[in-house]
Amino acid sequence: MTLRTLFLSATFSLLSASVALSASVSVFKDAGCGCCGGWISHMRENGFAVSATNVAPETMDVVKAKAGITADTASCHTALVGGYVVEGHVPASDVRRLIAERPDAIGLSAPGMPVGSPGMEGAGAEPYDVLLIRRDGRTEVFASH
């Protein structure tokens, strides 16, 4: 590894950490959902300041629709961070990358509730994709886990 590579790696790590520390996350979730609480803990453990609002199921549908979340990209909770929507159990590292790269997009989604994702830990972890949701509604794989 060259000195330049080490320097760039260290700089990116510091930048990523400062992005997380300065990022505030607002989560909309069902009051009785334990996995949402697990994701919130994951985000806090990774340096994000998180506030959560419990909402009724019919209100969640409105929150998701206003945020641009469709049935194909939906999960159990919806978060707002850095001008983006983060739907479901997206790892903090992907949120950090989203904020650092600032793509022209609505945000990220881990559709459904994939076992093994943050907040959904347990036996039988399954591979899953985090999708980048473009402003026109198209999606593409942002990260695979």
| Classify the range 38-111: rounded, prolate or oblate, from the alpha-carbon gyration tensor (a ≥ b ≥ c, eigenvalue square roots; a/c under 1.5 rounded; otherwise prolate if a/b is larger than b/c)? | oblate
| note | Rounded to the nearest 5, the percent of antiparallel DSSP beta bridges in the range 23-145 equals 65 percent
| remark: Over all Cα pairs of the range 78-130, the Kirkwood radius sets Rh, and Rg/Rh then becomes 0.99
| query | With charges set only on the Cβ (+1 for Lys and Arg, -1 for Asp and Glu), what does the dipole of the range 17-124 come to about its Cα centre, in debye to the nearest 20? | reply | 240 debye
| request: Pop a pseudo-label 7 angstrom from the Cα along the beta-carbon direction at both Thr59 and Cys33 and give the gap in nm to one decimal. | output: 1.3 nm
| said: Output wanted: per-residue J couplings in Hz (rounded whole) for the range 102-114, from phi through Karplus 6.51 cos²θ - 1.76 cosθ + 1.60, θ = phi - 60°, x for Gly and Pro. | reply: 6, x, 7, 7, 6, x, 10, 9, 10, x, x, 9, x
| query | So how much slack lies between Glu101 and Arg135, counting 0.36 nm per residue of separation and subtracting their Cα-Cα distance, in nm? | reply | 10.7 nm
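Values in this text are rule-based calculations from the coordinates and carry no lab data. The structure presented is a predicted model; accordingly, all values stated were derived computationally and were not measured. Here Cβ is always computed from backbone atoms with ideal geometry, including for glycine, and neighbour counts include all displayed protein chains.
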